[in-house]
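The values are calculated or read from the model by the stated rules, or taken from the named source; none is laboratory data. Quick caveat, the model's predicted, so the values are computed rather than measured. Reconstructed Cβ throughout: ideal geometry from the backbone, glycine too, with neighbour counts over all protein chains shown. For accessibility, only protein heavy atoms count, side chains too; no ligands or nucleic acids. Shrake-Rupley method; radii C 1.70, N 1.55, O 1.52, S 1.80 Å.
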Amino acid sequence: MSKALLYDATLCIDCKQCEAACADQNKLPYDDNIAKEERQSEHKFTAVLSKNDKYMRRLCMNCQEPACVSVCPVAALRKTSEGPVIYEANRCMGCRYCMAACPFGVPKYEWSSLNPKVRKCTMCPDRVLAGRQTACAENCPTGATKFGDRDELINEARKRIQDNPANYIHHIYGVEEVGGTSVLLLSGVPFEEFGYRTDFPRDPLPLRTYQVLSKIPDFIPLGFVTLGGIWWITHRREAVAAAEGRQAHQAGKELK
Amino acid sequence: MKIKFTFWKAVFLLIVAAGAYGTFVRFFRGLGASTNLSDQFPWGIWIGFDVLCGVMLAAGGFTLTAAVHILNIQRLKPIVRPTILTAFLGYVLVSVALLFDLGRPYNIWHPLIMRNPHSVMFEVAYCVMLYTTVLALEFSPIVLERFNLQKPLKVVKAVLIPLVLLGVILSTLHQSSLGTLYLIMPTKLHPFWYTPLLPVFFFLSAIAVGLAMTIFESSMSSKHFGRELELPILQELGRVLLVVLTVYAILRFEDLLHRGVFHQLLVAGYERNLFLLEIVLALVLPLTLLAIPKIRQSAGGLYLAAVSVVLGFITNRLNVSITGMETAAGLHYVPKWTEIAITGAIIAVGFALFALAVNYLPIFPEHREAAGPEAPVAAKAAVLSHAGD
Ligand code: SF4
Ligand code: SF4
Ligand code: SF4
């Protein structure tokens, strides 16, 4: 069963416990100054943004069909069936295609390191694979960040909107965006206010490259035969011409 | 003459010195210190120019071997060798550039044992690796001839046609795949350039640039190496170029039309300006020049058209990789001087290697009869009548 996080912005109080727990879990530095940074970075995997007393969390969406996973040439990024999208640094060659491909602009890079890693929230794989909840969900005092089965969380989110239609934008962000994500969002203000684009396609992005790549196995034998055929035809003409030329030459000799 | 020689030598040394310092910064201070890349803009000119344009500019190799060996257009034979040399050098330099760009260059071999066949980059990596090997083999007869090694020469000659076929297929795959790389970014790439046809456009333009580069190089080398210009050959290439460009132009127009992008031309902005620059340089100007028979048949007209095509499609690659990504990234990327210095040094080294190879190897037909200390070997090589062509 695929796990997910449901973040309900209407319940959030901007206490930033999730940020602190995340830093602790991932052995990242955390202090008052870092708490003030309202963006994800190589040293901050989740950020709580605030705007006119409205809040919104940002973190890796741990997509159902992640673009980052599909593009990584060496499979350093991987989607687990439990939900987390994990990263194995020692496979990575640092091409940064994952960063270019992620529609949410999530993966960050250790630009100043000589042995740089890609950094992002990986949805606490150690905890989740052991059946526990993520650090951020565990430490959230209000239940604004909730961990659970993805399907159940979607149902719960629907119910929350139904019960309090005036409080919510009637959209659960992450159910369908780019094929669905393991982080689901509810908000009282338009998602765009916090940089979540709502114009994303509903189909998974990797489909677009896969549609082209999947043709390659058919293309190779076809290409060989076609090119080989053209070669045969163009050179056959030459061989025939040469043979005829020789005959004509011989015929000429005999005449003499 | 002597002054000019020293002047260019000085320029060359200056560029290489700047590149060497840039290399030091890159490998001892990291990507952050040596580039203007950022989390919002992870790919700069090392990908957009060195890799995307580098591979495109080296496309003459597969275009010409296909024309000569598969389509059997024998008239083009005399220029196959310099083109293969350029292509081979091109791919080697692209690989070197990649070592600068990769965050962990020492892991560049990882795709050999860690596979993700769903990744376009993985496919490109394999194709480029294999194709560079193919080019090395296609190039090897020239070296083998030079040292008169008959046995290996025979072996290479025997497998030449399958090699050429393989080279054309690998090139088709990775030239188009460089466009496929961007198919996963519909939310980021500007609609001027994001289209499902990206792979087709990248492939067709690679052929066009391959032809244009061959015309350009032949003209240049006739000037600098004092050779006669093979005008009838270039005229033939010009005709093919006209056809390829026309096909590309029609497809590009229909694509823009069907995706309803033309109204975006009303929006002023640098995206539109660079899009127009690309279209004028890559299509409008060369198509006009080549459509007029008198210009198409003149050396100067062909040269101008070729240069315009090359510049136009360089603009295209930079538009796809940089211009088209800036709005989504919310910033303006300007490469740091180190990025430019390293790119410049790589190009300079490429030119130097080309000149070196031309001096010491039987690349141009005339050179095989050249007098000098190598004359006996060169003469022997000449007997071997184009073994590798
Ligand atoms: S949000 Fe980006 S980094 Fe996270 S899983 Fe999706 S594609 Fe990958
Ligand atoms: S930077 Fe690393 S993790 Fe990202 S796509 Fe490249 S190899 Fe994979
Ligand atoms: S811990 Fe919960 S309430 Fe506190 S900022 Fe994070 S999500 Fe909001």
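Does residue B:265 count as more than 25 Å from the chain's Cα centre (by Cα), in a helix (DSSP H, G or I), at pLDDT below 90 and surrounded by fewer than 16 Cβ atoms within 10 Å (Cβ to Cβ)? Show your work before the answer.
Details: more than 25 Å from the chain's Cα centre (by Cα): yes; in a helix (DSSP H, G or I): yes; at pLDDT below 90: yes; surrounded by fewer than 16 Cβ atoms within 10 Å (Cβ to Cβ): yes.
When the stated conditions are applied, residue B:265 passes them.
Elements of the type helices (runs of 4 or more DSSP H) sitting completely within the range A:85-163 and holding at least 2 residues that are open to solvent by 30 Å² or more (accessible area, probe 1.4 Å) and away from ligand 2 (no atom under 16 Å from the Cβ): these cover A:125-129, A:135-139, A:150-163.
When the residues of the range A:70-84 are filtered to those that are in a strand (DSSP E or B) and surrounded by fewer than 22 Cβ atoms within 10 Å (Cβ to Cβ), which remaining residue is farthest from ligand 3 (Cβ to nearest atom)? Working first, answer last.
Of all residues in the range A:70-84, those in a strand (DSSP E or B) come to A:77-79.
Within this subset, residues satisfying the condition of being surrounded by fewer than 22 Cβ atoms within 10 Å (Cβ to Cβ) are A:78-79.
Values: A:78: 27, A:79: 24 Å.
Applying the filter and picking the extreme gives A:78.
Please tell me if residue B:88 is out of contact with any strand residue (DSSP E or B) (no Cβ under 8 Å at 6 or more places or on another chain), of a type in the set (A, V, I, L, M, F, W, C), part of a helix (DSSP H, G or I) and free of Cβ contacts under 8 Å to residues at least 12 places away in the same chain. Break it down stepwise before answering.
Details: out of contact with any strand residue (DSSP E or B) (no Cβ under 8 Å at 6 or more places or on another chain): yes; of a type in the set (A, V, I, L, M, F, W, C): yes; part of a helix (DSSP H, G or I): yes; free of Cβ contacts under 8 Å to residues at least 12 places away in the same chain: no.
The answer is no for residue B:88.
Scanning the range A:1-29 for residues that are within 13 Å of ligand 3 (Cβ to nearest atom) and either hydroxyl-bearing (Ser, Thr, Tyr) or part of a loop (DSSP other than H, G, I, E, B) (or both) yields a count of 7.
Is it fair to say residue B:124 is touching a helix residue (DSSP H, G or I) at 6+ places or on another chain (Cβ under 6 Å), within 9 Å of chain A (Cβ to nearest Cβ) and farther than 25 Å from residue B:352 by Cα? Judged against the criteria, residue B:124 is a match. Inspect all residues belonging to the range B:231-251 and state whether any of them is among the aromatic types (Phe, Trp, Tyr) and open to solvent by 30 Å² or more (accessible area, probe 1.4 Å). The answer is no; no qualifying residue exists. When the criteria are applied in full, residue B:205 meets the requirement of being open to solvent by less than 10 Å² (accessible area, probe 1.4 Å) and of a type in the set (Ser, Thr, Tyr).
Can you find a residue that is free of Cβ contacts under 8 Å to residues at least 24 places away in the same chain, open to solvent by 20 Å² or more (accessible area, probe 1.4 Å) and within 28 Å of residue A:68 (Cα to Cα) anywhere in the range B:155-165? Working first, answer last.
Narrowing the range B:155-165 to residues free of Cβ contacts under 8 Å to residues at least 24 places away in the same chain: B:155, B:158-159, B:162.
Those still in the list that are open to solvent by 20 Å² or more (accessible area, probe 1.4 Å) too: B:155, B:158-159, B:162.
Keeping just the survivors that are within 28 Å of residue A:68 (Cα to Cα) gives none.
Checking the range B:155-165: not a single residue is free of Cβ contacts under 8 Å to residues at least 24 places away in the same chain, open to solvent by 20 Å² or more (accessible area, probe 1.4 Å) and within 28 Å of residue A:68 (Cα to Cα).
For beta carbons closer than 6 Å, sequence separation of 6+ or different chains, a first residue in the range A:16-27 that is within 16 Å of ligand 2 (Cβ to nearest atom) and a second that is open to solvent by 40 Å² or more (accessible area, probe 1.4 Å), there are no qualifying pairs. Which of the residues belonging to the range B:171-197 are among the aliphatic types (A, V, I, L, M) and either within 9 Å of chain A (Cβ to nearest Cβ) or surrounded by fewer than 22 Cβ atoms within 10 Å (Cβ to Cβ) (or both)? B:173, B:181, B:183, B:184, B:185, B:197 - these are the residues of the range B:171-197 that are among the aliphatic types (A, V, I, L, M) and either within 9 Å of chain A (Cβ to nearest Cβ) or surrounded by fewer than 22 Cβ atoms within 10 Å (Cβ to Cβ) (or both). Taking the criterion of being open to solvent by 20 Å² or more (accessible area, probe 1.4 Å) and outside any loop (DSSP other than H, G, I, E, B), the residues of the range B:108-121 that qualify are B:112, B:121.
Quick check on my filter: what residues within the range A:36-46 are open to solvent by less than 20 Å² (accessible area, probe 1.4 Å) and more than 13 Å from chain B (Cβ to nearest Cβ)? Across the range A:36-46, the qualifying residue is only A:46.
How many residues are farther than 19 Å from residue A:179 by Cα, open to solvent by less than 10 Å² (accessible area, probe 1.4 Å) and in contact (Cβ under 8 Å) with a residue 60 or more places away in the chain if we restrict to the range A:47-69? Can you show your working first?
If we filter the range A:47-69 for residues that are farther than 19 Å from residue A:179 by Cα, which is where we start, we get A:47-57.
Now restrict to residues that are open to solvent by less than 10 Å² (accessible area, probe 1.4 Å): A:47-48, A:56-57.
Filter once more, keeping what is in contact (Cβ under 8 Å) with a residue 60 or more places away in the chain: A:56-57.
Of the residues in the range A:47-69, 2 are farther than 19 Å from residue A:179 by Cα, open to solvent by less than 10 Å² (accessible area, probe 1.4 Å) and in contact (Cβ under 8 Å) with a residue 60 or more places away in the chain.
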